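Report on one structure; see the data block that follows.
The values are calculated or read from the model by the stated rules, or taken from the named source; none is laboratory data. What you see is a predicted model; the values in this text were computed from it and never measured. Here the Cβ positions follow ideal geometry from the backbone for every residue, glycine too, while neighbour counts run over all protein chains shown. With ligands, DNA and RNA removed, areas are computed over all heavy atoms of the protein, side chains included. Shrake-Rupley method; radii C 1.70, N 1.55, O 1.52, S 1.80 Å.
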Amino acid sequence: MSTLATALKNLLLLLRHSRYFGMGVALTAAFVVVAGGLVAQATAEVRDQGEATSIMRTIEVRSGGQGEPMPLTEARIDELASIPGVTHVRPWVRVGTLIVEADVAAADAGKAGTLWATPYMGVGQPPVIHAERQQLLPLQDDEAILPARAQGASMVPLLGERVVVEYTQRTSVDTGEARHVELHVVGLYDEAVDGRDGPAAMYISESAAVEMAAAAEGIQSDDFYSGLGFPRVIVEVEAAAAVPDAQRRMSELGYAAASAQSLVDRLPVAMRLLDLLARVLTGALLLSCVIAGLTIGAGLIRSRWRDIARRKAVGATNGRIARLLGVELGLFGLLAGAAGVGFGLAVSTGLQLWLGGGNLFGAQLAAGVFSPAIWVLVGLALAPSAAMLIGALLPLARVSVVPAEEAIRTSAG
């Protein structure tokens, strides 16, 4: 009879004696799969939100530089625009404003509080959910996009209306005066979607935003481009896959560049802890399998001593006996690991179908079913078997070199 056939025949005995350990291995593996699936589902939702706002194709460059300040003037904007893969470089500023008057009797409009006037780029910003026209870019200098809600106040009644916005003109070091501009509200965005501009941004054209920012500094708009420079610029690249290379080139030029792709790491703490727990349990599983390989291997040898003696007596080689016992242990670990992965996938699929699109531990979950990478699943199924064999190396090595006469004598005794 072949080694595999004999090992399969004896596997039932091993399962009966070590069934509780096998169940523990399977349940631990199942938990790791379930946790990995839920974390993957939450990560997919974060990634989808990022891609929905095009934020995954952007790089934020700050004026601080890596060593010394690097004012983001027009010359440096042109330098960034020349990097391969870059499609647009848009200056970023923000200015505090207030809505002081509206054409409609919207009681909530005055409750909006400070709205931060920011250039509308159409990339890396929250999605517009209500609009007067299909294509909002480019915004005219007298147009604005407001959050759908601000400070708990609904801005929906302002869509299509004109509002008077107040900002500050700096007149000296410590003084300023109010200035007003009338803007036409052409869109409302979803303030619940996280973005770099915050939930209280008021999007206007670049030239209008720069004019307000220059007034707040007491300078002319042209001085922002040629002298003062912008606090940051948003660099758009042709595809998300091009972001790492473009960011590396910017860093080599001395710019402080941060990729918005780090958004996928911004999972709620509870989900990160779940991911960490799965990793810790994976390590504990492997360690316990190594220890079990040592103890179960030794116990297996004691329980099979008579069979070992008989095999040695009829001429079985040390290598064949070691392989036979090793295959039994390996099959036991493989069966426990594979059962755990299969059970985990079934439970994970059911949970994700139930929770898909909902909220878990403060994390929004994507619709659909997700699982750890295939190599993770295969590795998790094989790991208990490999760990047990590593732990069993010592007892297997000892029994394989026991002389046949000693084995027979010990068995008879």
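Here are the numbers for the structure shown:
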read-out	value
Residue tally, condition of a type in the set (A, V, I, L, M), closer than 11 Å to Ile145 by Cα and part of a strand (DSSP E or B), over segment 159-194	4
Matching residues in segment 141-158 - criterion: being part of a loop (DSSP other than H, G, I, E, B), closer than 14 Å to Met202 by Cα and out of contact with any His (no Cβ under 6 Å at 6 or more places or on another chain)	Asp141, Ala148, Gln151, Met155
Test set (1) under 21 Å from Asp142 (Cβ atoms); (2) loosely packed, with under 15 Cβ neighbours inside 10 Å; (3) at pLDDT below 90 - Phe224 fails condition number	(2)
Sole residue being open to solvent by 60 Å² or more (accessible area, probe 1.4 Å), of a type in the set (A, V, I, L, M), more than 36 Å from the chain's Cα centre (by Cα) and at pLDDT below 90, chosen from Val156, Val173	Val173
Subset of segment 126-137 that is touching a Phe, Trp or Tyr at 6+ places or on another chain (Cβ under 9 Å) and outside any strand (DSSP E or B) - its residue that is surrounded by the most Cβ atoms within 10 Å (Cβ to Cβ)	Pro126
Strands (runs of 3 or more DSSP E) wholly inside segment 43-125 containing at least 1 residues that are modelled with pLDDT under 80 and among the hydrophobic types (A, V, I, L, M, F, W, C)	95-102
Members of segment 55-76 found to be surrounded by fewer than 20 Cβ atoms within 10 Å (Cβ to Cβ) and touching a helix residue (DSSP H, G or I) at 6+ places or on another chain (Cβ under 8 Å), listed by number	Glu60, Gln66, Met70, Pro71, Thr73, Glu74
Selection status of Pro147, modelled with pLDDT of 90 or more and either of a type outside the set (D, E, K, R) or touching an Asp or Glu at 6+ places or on another chain (Cβ under 8 Å) (or both)	yes
First in segment 15-28 and closer than 16 Å to Leu287 by Cα, second anywhere and open to solvent by 100 Å² or more (accessible area, probe 1.4 Å), Cβ under 7 Å, 6 or more apart	Ala26/Phe343
Meets criteria (open to solvent by 70 Å² or more (accessible area, probe 1.4 Å) and either in a loop (DSSP other than H, G, I, E, B) or modelled with pLDDT of 60 or more (or both)) for Leu396	no
Filter result (closer than 30 Å to Arg57 by Cα and surrounded by fewer than 18 Cβ atoms within 10 Å (Cβ to Cβ)) within segment 176-189	His184
Any hit, segment 270-280, residues being open to solvent by 70 Å² or more (accessible area, probe 1.4 Å) and at pLDDT 85 or above	no
Test set (1) surrounded by 16 or more Cβ atoms within 10 Å (Cβ to Cβ); (2) at pLDDT 75 or above; (3) not charged (D, E, K, R) - Ala404 fails condition number	(2)
Residues within segment 138-150 that are open to solvent by 60 Å² or more (accessible area, probe 1.4 Å) and under 25 Å from Arg232 (Cβ atoms), tallied	3
Filter result for Tyr167 (at pLDDT below 90, open to solvent by less than 60 Å² (accessible area, probe 1.4 Å) and on the phi < 0 side of the Ramachandran plot)	no
